Amino acid sequence: MSLAFALSPCGIALRLLAHRRHIHHSVTLLNGLQENQKKDDIPANSPEQHDEEEVIFFSQDKDILPEVEIKPFKRIRSETSLRYNSRVIPPSVDWYSKTGETVEGGSANLTNLLGSDTSSSALFQETLKWLSKDNFKLKNIGPNGYNAQDIEFYFHPSAVLSSTLMPGDICVLKSSPYELLVCVKTPSDAMDARFAFANADGAIVYAWKSSVQLRFPSIFKTTELDLIQREKKHRYMPVGSVKNEKDVTFIIPTLPRRMLVSNVTFRITDAAVQQLPLIKKKLELIHRYSQLGSSSWQIPMLKLVELCSNLELSSNIERSVATAMKKSGLSSDSLYSLAASHFELSSKVPSKVECSQFLAVYWAILHQQGTQMWGEMTVHKGIFFPSAVTVLPLTKQHLHYHSIIHKLRQNGGVRLDRIAELINAKELVSLNKSFPYLVPLLRDYAAGNVKYNDTITSLISSLFRKLDDYKKFNITRDVCFNLLKRINPSEPHNPLLNNHELQLPINNERVQLEQTIFDLAIPPKNAADITNRTEYKNLVCYCIDSIDAHEIDDAVSIEVLGNSKYRIYIHVADPASLFAEASDSSIAVHTPILDIAYQRAFTTYLPDKVFPMLPVTYARHSDLGQFGKATKAVTFSIDCSLSKTKGLSLLNDTLKIELSTLYKSKRTTYETVDKILENESSTTNKEEFEDLQILFSIARALRKQRVVERGAVVFENDSTGLVSLSSDDNSGSTNISFKNQLETKSTILVSELMILANSLAATFFKKNRIPGIYRGYRPLNLVDDAAAVPEWIQMKTNKNEMFAKADIAKMKAFLTSSFYSSIPTPHEMIGSSQYLTVTSPLRRFPDLVNHLQLHRVLKGLPLLYNQSDLNGMAWHILTRDVTLKNASVEAQRYWTLKFLKEEIETSATKNNWKLQITSLTDNGYAHCVILDMSFAVGQLKVGSYQKPLLVGDQISECQISDIECLDGILRFEPTRSSRIQRKTK
């Protein structure tokens with residue numbers, strides 16, 4: 001462990017001590033605000049101020065040292081007051097005059113507030129006016145009123161899901177994980193998507209949304225705090241923070257900083273630091289009861305905090321743990337393996353959480369990550385909150401690496417020297433025999449599993465400095481993987497597959513066992529029963545998918561009713577019928593197959609790996625693309641009218657949701673359907689041609705309605721540079737190529753009808769008060785010039801104009817991520833007031849949950865899941881969604897950078913790339929991406945351009961200066977031939 005890491009708790013305490021002294025330092029004002037403003041007009045060198053005092057110039061040796069100006073104390077005090085009155089008073093007066101009257105309780109005496117000590121009753125009472133009553137609690141009320149030290153702050157997990165990052169949210173940033181900041185302004189510049197945050201000292205920090213690791217929302221009554229101001233001109237040097245232009249600085253006025261920023265963040269931080277030692281001990285104990293064999297798994301952060309809150313340490317550890325489990329809503333069976341009750345664990349989350357306790361747990365985990373107890377905390381980019389943390393196995397991680405560290409350090413590192421000797425001598429057989437732990441160590445390092453363990457990192461660095469072939473290289477995960485492949489040639493080409501968070505069979509014994517259960521799974525005997533279902537014997541069902549699709553889980557049909565009226569059918573695979581939970585109301589817990597599917601939550605899609613959510617036998621049995629065979633489905637149907645004059649009208653009262661049986665499934669591909677819609681196919685029969693043409697016309701009308709009437713946003717041809725892998729049988733290597741995911745008529749047909757089914761299902765669930773798992777999207781809160789960005793997007797979408805690459809580069813910075821929720825949630829990107837996914841139950845567990853609920857409703861049985869169950873399940877589903885999406889992006893980036901590295905190593909002339917700028921310049925670098933390669937994201941070192949770089953600019957003839965595939969590092973430098981191309985409109 002590094003010294004910096006080890007001292008971090010002490011660093012927090014020292015910072016708090018210094019801050020406490022700072023906020024208790026009173027400021028003396030000069031006879032009230034009116035007198036201050038008069039004195040502010042008097043120049044610093046005015047005779048009125050200094051006629052009785054003279055400046056002294058002093059030097060110990062005038063021949064060697066210059067003279068130092070020594071001012072009398074009265075003059076120093078006077079000039080300090082003048083500076084204070086110019087810099088501090090006016091901004092605070094301006095802020096309070098605009099916002100002070102908006103809070104309940106009226107305004108206070110401004111002079112007293114500015115001159116009071118931060119801990120004083122007046123300032124504290126004023127702070128209370130701004131706080132949400134539901135989110136704070138005063139523990140003690142003494143004879144003199146409130147005790148400011150005994151205030152507790154709370155947040156509601158439901159508020160995290162129902163809001164976006166707003167001014168007033170208390171946050172932790174990736175760049176300063178041990179400091180609380182307050183969000184003071186959301187993006188305001190059309191070219192700059194950074195948020196502004198203020199720390200306890202009043203300094204402003206600008207950061208992108210991806211930097212936010214934690215937020216406590218709704219602590220304040222209102223988000224209209226207007227804490228940040230542009231610094232006005234005064235006679236003194238500016239003290240504010242620079243954003244983009246060095247001559248334009250911004251400040252947080254002293255009064256709101258002391259009253260709202262410092263007062264609140266200090267209380268929470270101070271309380272968290274005091275709890276930290278005890279929380280660490282509790283987490284160590286909980287970690288030992290969180291083992292799932294020798295495998296990693298993810299525990300919800302909210303449940304972990306609740307367990308810490310309920311755990312009271314005593315001499316009887318087992319009784320203490322059992323009591324904490326019971327208080328946390330867990331059964332006694334959980335005592336010896338907390339992870340064994342995964343569904344129970346994640347199905348119940350607290351409705352209210354104390355901020356300092358959550359922060360203490362968050363900090364404690366950061367410290368204990370270095371001891372291989374905890375893995376990554378999963379942070380969702382749409383709600384800006386850590387949803388879960390990975391529990392690392394005690395024996396195979398914490399104890400294992402403690403033992404390895406001891407061995408490699410023992411006797412002055414003699415084992416490390418011997419390992420280096422064997423590698424240098426290329427005696428790999430002896431190496432593996434004598435040091436069997438070396439390969440797993442290098443594998444974990446390359447996979448990113450030990451990146452928080454500073455001691456392991458140091459030992460690996462020491463080893464590489466002793467190796468002849470590597471001593472001159474920077475020690476990176478790429479270099480480590482290169483050595484690993486030399487020692488163990490059979491190692492997979494992608495070390496990221498070994499990452500703990502992915503939970504693949506390759507490195508997780510629990511998942512290996514679960515996969516064995518899946519491999520042996522056979523659908524129940526009654527799976528072929530098709531009674532009590534609506535039979536569609538003559539309806540042609542078109543299963544449209546890619547040629548290499550792993551499963552077919554949806555189909556569409558059309559029925560002509562006459563008079564420009566039609567009935568649309570969306571058929572979805574019905575794997576829920578294979579589970580007893582769909583029909584047996586006596587089942588209280590998940591059966592093994594359903595429980596494993598819940599653990600996985602989604603099918604994992606990586607360029608080199610597909611890991612299904614359900615057993616292959618279940619997917620095949622439920623597959624809709626089975627020709628001439630009766631197939632179970634869940635069918636969503638609705639009547640509509642379509643005409644050239646009146647457009648499309650859905651007749652909502654005709655909606656039907658049925659358990660059905662399909663007989664005429666026709667499997668086809670997107671390419672084939674495109675040819676039919678373009679009338680280029682010579683093998684199409686008349687019925688098929690007419691059906692698909694009508695379906696496409698309806699889909700096109702549905703999109704127009706979403707865009708024009710409901711504000712949906714559609715990006716066409718945006719997915720470029722997707723990785724495609726193929727094996728070279730001769731060399732055993734992997735060939736890397738790229739493909740674009742283009743939108744065509746066939747993809748519009750399918751996607752719009754699936755969106756329709758999900759929207760109709762959401763309406764049905766909400767109307768009938770059926771608990772379900774919804775999917776939502778909430779846009780960022782944009783102000784000033786940045787607020788014009790979504791309006792501009794909407795305008796272009798309404799006009800059906802294509803977005804240029806520069807346009808997309810500008811937009812992406814202002815977009816956030818969709819998320820899962822257990823309450824009806826708007827999906828503003830799709831243009832739906834609520835959106836509940838049902839169209840992919842073979843590969844998405846939320847869809848399967850919603851199908852199980854539908855089965856119970858359609859069969860007249862009690863619901864399988866109540867609202868409380870789904871409130872917790874949504875957090876697990878959300879966690880797995882983030883984990884797998886992050887893994888997919890990292891894998892795509894890894895293979896993309898690997899391709900680039902091979903290209904420039906093959907020939908220097910290939911190191912020539914055209915870039916698109918995706919951010920304004922910050923600290924000499926601008927974020928960028930190689931055109932048409934979405935995952936070639938990096939940074940460009942900004943040269944001496946004649947004009948500053950803007951988002952959307954394209955720069956030619958750039959070279960890669962640094963590339964690390966596993967760490968995702970890609971840096972560019974311009975050349976003499978580089979030229980800027982800027983879109984003028």
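No value in this document is a laboratory result; all are computed from the given coordinates. Remember, it's a predicted structure, so these values are computed and weren't measured experimentally. With ideal geometry, Cβ positions are generated from the backbone for all residues, glycine too; neighbour counts draw on all protein chains shown.
Take the eigenvalues of the Cα gyration tensor for the chain, scale each by 5, and report the square roots as semi-axes in whole Å, largest first.
Numbers: eigenvalues 529, 263, 214 Å².
Sorted largest first and rounded, they come to 51, 36, 33 Å.
Counting only residues 5 or more places away or on other chains, whose amide H sits under 5 Å from the amide H of H380 once H atoms are built in the peptide plane?
F385, S387
R0 = 25 Å: FRET efficiency of K139 with D201, Cβ-based, nearest 0.05?
Working: r = 27 Å, r/R0 = 1.10.
Once the sixth-power term is evaluated, E becomes 0.35.
Contour minus end-to-end for N912 and E791, with contour as 0.36 nm per residue of separation and end-to-end as the Cα-Cα distance? Mind dumping the intermediate values first?
On the way: separation 121, 0.36 × 121 = 43.56 nm, distance 3.66 nm.
Working it through step by step, the gained length comes to 39.9 nm.
So if I place +1 on the C-beta of Lys and Arg and -1 on the C-beta of Asp and Glu, and nothing else carries charge, what would the dipole magnitude of the stretch 531-650 be about its Cα centre? I want it in debye, nearest 20.
On the way: 11 positive and 14 negative charges, 104 e Å.
Here the size comes out at about 500 debye.
What is the gain in length, in nm to one decimal, between K466 and S961 on full extension, counting 0.36 nm per residue of separation less the C-alpha to C-alpha distance? Present the calculation step by step, with values, prior to reporting the outcome.
Values: separation 495, 0.36 × 495 = 178.20 nm, distance 2.63 nm.
Going from the current span to full extension adds 175.6 nm.
Mind checking which aspartates and glutamates have their C-alpha under 20 Å from K71, skipping anything on the same chain fewer than 8 residues away?
Filter leaves D40, E48, D51, E52, E53, E54, D61, E79.
For the stretch 395-491, compute Rg over Rh where Rg is the Cα radius of gyration and Rh is the Kirkwood radius from the inverse mean 1/r over Cα pairs. It would help to have the intermediate numbers written out before the result.
Values: Rg = 12.4 Å, Rh = 13.5 Å.
Answer for the stretch 395-491: 0.92.
Relative contact order (percent) for the chain, with alpha-carbon contacts under 8 angstrom and 6 or more residues of separation? Show your work: numbers first, answer last.
Numbers: 1721 pairs, mean separation 96.4, N = 985.
Across the chain, relative contact order equals 10 percent.
Quick one: putting +1 on the C-beta of Lys and Arg, -1 on the C-beta of Asp and Glu, what dipole do you get for the chain around its Cα centre, in Debye to the nearest 20?
On the way: 114 positive and 106 negative charges, 116 e Å.
The calculation lands at about 560 debye.
Which value in deg cm²/dmol, rounded to the nearest 500, describes the helix-derived mean residue ellipticity at 222 nm for the chain, given -39,500 (n - 2.57) per DSSP H run of n ≥ 4 and division by the residue count?
Values: 30 runs with 363 residues, N = 985.
Computed ellipticity for the chain at 222 nm equals -11500 deg cm²/dmol.
Mind checking the stretch 670-770 for trypsin sites (Lys or Arg not before Pro) that DSSP puts in a loop (not H, G, I, E or B) and that have at most 13 other Cβ atoms within 10 Å? Provide the component values of the computation, followed by the final result.
On the way: sites: K675, K686, R700, R703, K704, R706, R710, K739, K745, K766, K767, R769; in loops: R769.
Filter output for the stretch 670-770: R769.
What whole-number value in cubic angstrom gives the convex hull volume per residue for the C-alpha atoms of the stretch 271-393?
Numbers: hull volume 13.1 nm³, N = 123.
Residue-normalised Cα hull volume stands at 107 Å³.
From a point 7 Å beyond the Cα of N768 in the direction of its Cβ, which residues of the stretch 636-674 have a backbone N at a distance under 11 Å?
So the set is 656-659.
Please work out how much length the chain gains when fully extended from F627 to T516, using 0.36 nm per residue of separation minus the C-alpha to C-alpha distance, in nm with one decimal.
37.0 nm
First measure r as the distance between the Cβ atoms of V414 and E905, then evaluate 1/(1 + (r/R0)^6) with R0 = 45 Å and state the FRET efficiency to the nearest 0.05.
Numbers: r = 37 Å, r/R0 = 0.81.
FRET efficiency, V414 to E905: 0.75.
Using Cα pairs closer than 8 Å and at least 6 residues apart in sequence, work out the relative contact order for the stretch 859-985, in percent. Please list the in-between numbers first.
Working: 186 pairs, mean separation 27.2, N = 127.
So the answer I get is 21 percent.
With a Förster radius of 41 Å, plug the Cβ-Cβ distance of M802 and A528 into 1/(1 + (r/R0)^6) and report the FRET value to the nearest 0.05. Mind showing how you got there, number by number?
On the way: r = 49 Å, r/R0 = 1.19.
With R0 = 41 Å, the Cβ-Cβ based efficiency is 0.25.
Where does helix 686-710 land angle-wise versus the long Cα axis of the chain, in degrees 0 to 90, nearest 10?
Once rounded, the angle reads 20 degrees.
Does anyone have the angle between helix 845-858 and the longest principal axis of the chain? Alpha-carbon axes, 0 to 90°, nearest 10?
60 degrees
Which three extents, in angstrom, do the Cα atoms of the stretch 190-334 have along their principal axes, listed largest first?
Computed over the stretch 190-334, the largest-to-smallest principal extents equal 69, 31, 26 Å.
Could you give the angle, 0 to 90 degrees to the nearest 10, between helix 89-99's Cα long axis and the longest principal axis of the Cα atoms of the chain?
40 degrees
Label 7 Å along Cα→Cβ of E687; the stretch 506-539 residues with amide nitrogen under 12 Å?
537-539
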